[in-house]
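Let me begin by presenting the structure, written as structure tokens, before commenting on it.
The values are calculated or read from the model by the stated rules, or taken from the named source; none is laboratory data. This structure is a prediction, so every number in the text was calculated from the model and none was measured. Using ideal geometry, Cβ is built from the backbone for each residue, glycine included, and neighbour counts are taken over all protein chains shown. Note: accessible area is taken over every heavy atom of the protein model, side chains too, but ligands, DNA and RNA are not part of it. Shrake-Rupley method; radii C 1.70, N 1.55, O 1.52, S 1.80 Å.
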Amino acid sequence: MKTNFTYPLLTGTVTLVVLVTSHNLALALSPQEIVKIGSPMTVQVNPPMGVKDGGSGVIIQRQGNTYTVLTCNHVALMPAPHTIRTHDGQSYAVVSTKKLQKSPNDPDLALVTFSSAAVYPVAKLAPSNVPVGAEIFVMGFPALDRKFGADRDFVFSPGFVTSRPSSAPEGYTLRYNSVTKGGMSGGPVFDIDGRVVGIHGLGGSDRVDVKQQGSDATMAVNMKTGFNGAIPINTFLAMRSQIPQAPAVAVDTAPSTDKPAQRLENPKSASDFFAKGSVERDRGDRSRAIANYTQAIARNPNYADAYYQRGNARYDQGDKQGALADYDQALKFDPNYANAYYQRAVILYNRGNKQEALSSFDRYITLVPNDAQAYHSRGAIRRSMGDGQGTFDDFDRVVRLEPDNSRAYYNRALARTMLRDSKGALDDFSHALNLDPSWTTVYNNRAILRRRLGDREGAVDDFSKVISIEPKNAEAHYNRGLVRRDLGDRQGAIEDLQLAANIFQQKNDSTNYQKALEKIESIQAMPVIPAVPAPVVTPTTTSPSDNSTNLNQPTNSQPTNSQPTNSSDSGNIPESAAPTQPENNSTW
């Protein structure tokens, strides 16, 4: 959902007028009536074909033939040129873009305009503070079933407001349990009276390290929380005095016909208990959440959303078996419940059933084909199973989806080493460093690969870079000492190895301390002979098999500090190799 892009702002001016109306809303509208109101004013915001999924938006003003669309800033900043596709299938070029997010802490909002002689409805905005328990409907165009850009279908997702934090990054202070997907960012959130109360744009997830039972293998994933977020329309309205020449908008101040307090205090229907369960879970009371979801299921045994959310609450409690059973029930009643496949895959990995976990990720990716984290997780499992080509395919997809993510290039480099594509691995390591010049893990790996290819000077440069960033990095001193030995620099090698030994001793690492001392003794015992230039090995670009020796096969889906080994030495620190240390500073 939320992604950061760069895009030059376009210019354009409109005038600010706030049209306020108030009337009595006698009865709440049915979901069908709300969709009838919302769908004609909900639009696609599309980048050039093949660039990104695209986003959504809502028409909030018409002035002559110029329409203004309110959307998320991260949608408006996708690569240009943009087009707006309306409900009748017509596409229009974006005329102007106005960025409302001036800093990372500002609300993630933007305005875009397009021109058309056709008549499209304009949204009414509700300035009230939407309370916890209120029923809402999120509308937009998700990238599902391998449909992207203009091919995406309109959907609406009902749900309930679960919390109203007083502050949140980028203004996302309206949280709810509606199911949303990538491509819906920028879409409107409607209340039960058919008025826009927020702009959707944030998919909720928590980063967790999932340990595989019976082994030390760990996979870092983003578990779907079941909660998503919007920027309240009040936030946009409060900004209007700060927006030069902003669009005219229609504001409806009538009180809502919804009764969320009654729903939560005296739940009666399955949906009431579902709403109460979600509110309790968002508060952190998982036991009460489970009890309310169970009541919802008792009243509606086919309630897929209730099974799914109860599964999430059980997972939060550590009841993975119960969570898996609930996800399976959700899929029984809704075979296309994508998030249930995702959560199910994570639990199956935890239980050591990698093949079934892969099958669940396969199904999820079929339904949600542009989720980088899913490819990342599946690639990590494939890597742990020795599937070099599958690993490369998944991380190559991550790179295409997240071209500015240094971790994506790093993981693809590791996949290339499984295929003995040394040149491609070097390129990817270098690309990762261009994006993150202080990432010592990558320098370590590139140094080892350079040494294998005969570029000893390049290896020394990379190990030296690690040491400049982390002076107490014992492994880098140790490895640089070995390469200096190969270059005939006995004094430099001994100095590095002695520094490594000292640091290992300070860390009470007696095994590696002794290993470094043994290396010093072996160098001191060597006859003094001129260094022989290392033969330059031509990097390979193809692989005879997926089972070839590779630089790194971490079982953690996140980048790791584990280094490749060279069989010419044995011990805890093989030649040009550091002990395995998982990389923990990745964000997905």
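Overview of values
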quantity: Top-ranked residue in segment 32-48 [being assigned to a helix (DSSP H, G or I) and out of contact with any Pro (no Cβ under 7 Å at 6 or more places or on another chain); ranked as most open to solvent (accessible area, probe 1.4 Å)]; calculated: LYS36
quantity: Verdict on PRO403 being without any contact (Cβ under 8 Å) to a residue 12 or more places away in the chain and over 15 Å from the mean Cα position of the chain (by Cα); calculated: no
quantity: Condition check for PRO169: within 25 Å of ILE60 (Cα to Cα), at pLDDT 90 or above and open to solvent by 50 Å² or more (accessible area, probe 1.4 Å); calculated: yes
quantity: Segment 139-166, residues that are among the charged types (D, E, K, R) and either over 22 Å from the mean Cα position of the chain (by Cα) or open to solvent by less than 70 Å² (accessible area, probe 1.4 Å) (or both); calculated: ASP151, ARG152, ASP153, ARG164
quantity: Condition broken by ILE136, with the remaining ones in (1) open to solvent by 50 Å² or more (accessible area, probe 1.4 Å); (2) modelled with pLDDT of 90 or more satisfied; calculated: (1)
quantity: Hey, ARG363 surrounded by fewer than 24 Cβ atoms within 10 Å (Cβ to Cβ), basic (Lys, Arg) and at pLDDT 95 or above or not; calculated: yes
quantity: Segment 69-96: number of residues that are in contact (Cβ under 8 Å) with a residue 40 or more places away in the chain, surrounded by fewer than 24 Cβ atoms within 10 Å (Cβ to Cβ) and outside any loop (DSSP other than H, G, I, E, B); calculated: 7
quantity: All helices (runs of 4 or more DSSP H) inside segment 364-476 with 2 or more residues being more than 30 Å from ARG490 (Cα to Cα); calculated: 372-384, 388-401, 406-418, 422-435
quantity: Residue within segment 378-395 that is surrounded by fewer than 19 Cβ atoms within 10 Å (Cβ to Cβ), touching a residue at least 60 places away in the same chain (Cβ under 8 Å) and within 22 Å of LEU324 (Cβ to Cβ) present; calculated: no
quantity: Filter result (open to solvent by 10 Å² or more (accessible area, probe 1.4 Å), under 20 Å from the mean Cα position of the chain (by Cα) and modelled with pLDDT of 95 or more) within segment 407-430; calculated: TYR409, ARG412
quantity: Entirely in segment 262-359, the helices (runs of 4 or more DSSP H) that have 2 or more residues that are crowded, with 20+ Cβ neighbours inside 10 Å and in contact (Cβ under 8 Å) with a residue 40 or more places away in the chain; calculated: 270-283, 304-317, 338-350
quantity: Residue check for ASP258: at pLDDT below 95, within 30 Å of TYR341 (Cβ to Cβ) and open to solvent by 10 Å² or more (accessible area, probe 1.4 Å); calculated: no
